[in-house]
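Step one of this worksheet: look at the structure below.
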Amino acid sequence: MPEPVDFFQAVVTAYLEDADHAPLLHDPVHARVVRAGDVTDGDLILAGLDMGGADYFNDPYTARPEPYAPACGCGVCCHLADHPSAVVVLSNRHPWQACDPWPADDLVLIIPAHRLPEQSTKE
Ligand SMILES: [Zn+2]
């Protein structure tokens, strides 16, 4: 049976006053770190993460995952054709003219389309 857990608050940007670097602050309760392979349709993608920190995108975008096709011809998918592990496509020509392929194990900061149940109703 699922049990609620508490997470510590985390600072995920060094530029709190910069709107380009702090979109998370609009909705901090719902932001989650997930594997790219676990992103689902409708998740709002805010940043890529690695051990060095968060790389925020200028414009968060909505995930429209598709199966990865190395030979799709968009000009981006081909760059990951030799990646040693699984690759996923998080968006397909939306909002860009090319696909957005990611190694499935890379970490992504998202606002999930399907939010976790609220623990309390305080606003
Ligand atoms: Zn492609």
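Every number here is computed from the coordinates shown, using simple stated rules; none is lab data. Because the structure is a prediction, the values reported are computed rather than measured. Cβ placement follows ideal geometry from the backbone for every residue including glycine, while neighbour counts extend to all protein chains displayed.
How big is the charge dipole of the stretch 23-111 about its Cα centre, in debye rounded to the nearest 20, if each Lys and Arg gets +1 on its Cβ and each Asp and Glu gets -1 on its Cβ?
For this selection, approximately 120 debye.
What distance in nm lies between label points placed 7 Å from Cα along the C-beta direction at V76 and H30?
The modelled label-to-label distance comes out at 2.4 nm.
Calculate one ³J(HN,Hα) per residue across the stretch 56-71 by plugging θ = phi - 60° into the Karplus curve 6.51 cos²θ - 1.76 cosθ + 1.60, and present them in order as whole Hz with x for glycine and proline.
Result, ordered by residue: 6, 8, 4, 10, x, 9, 8, 6, 10, x, 9, x, 6, 10, x, 9 Hz.
Per-residue counts of other Cβ atoms within 10 Å, averaged by peptide: what ranking do you get for 47-55, 103-111, 59-67, highest first?
Output ranking for 47-55, 103-111, 59-67: 103-111, 59-67, 47-55.
List every residue whose amide H lies under 5 Å from the amide H of V76, counting only residues 5 or more places away in sequence or on a different chain, with H placed 1.01 Å from N in the peptide plane.
Here C99 satisfy the definition.
Got a sec to turn the phi values of the stretch 73-79 into Karplus ³J(HN,Hα) couplings, 6.51 cos²θ - 1.76 cosθ + 1.60 with θ = phi - 60°, whole Hz, x for Gly and Pro?
x, 6, x, 10, 3, 4, 5
What is the local net charge at P70, summed over the other residues whose Cβ is closer than 15 Å to its Cβ (Lys, Arg +1; Asp, Glu -1)?
Residues near P70 contribute -3 overall.
Using amide H atoms built 1.01 Å from N in the peptide plane, name the residues 5+ places from N92, or on other chains, whose amide H lies under 5 Å from its own.
For N92, the qualifying residues are R64.
What is the sum of charges around D50, taking Lys and Arg as +1, Asp and Glu as -1, for the other residues whose C-beta is under 12 Å from the C-beta of D50?
-3
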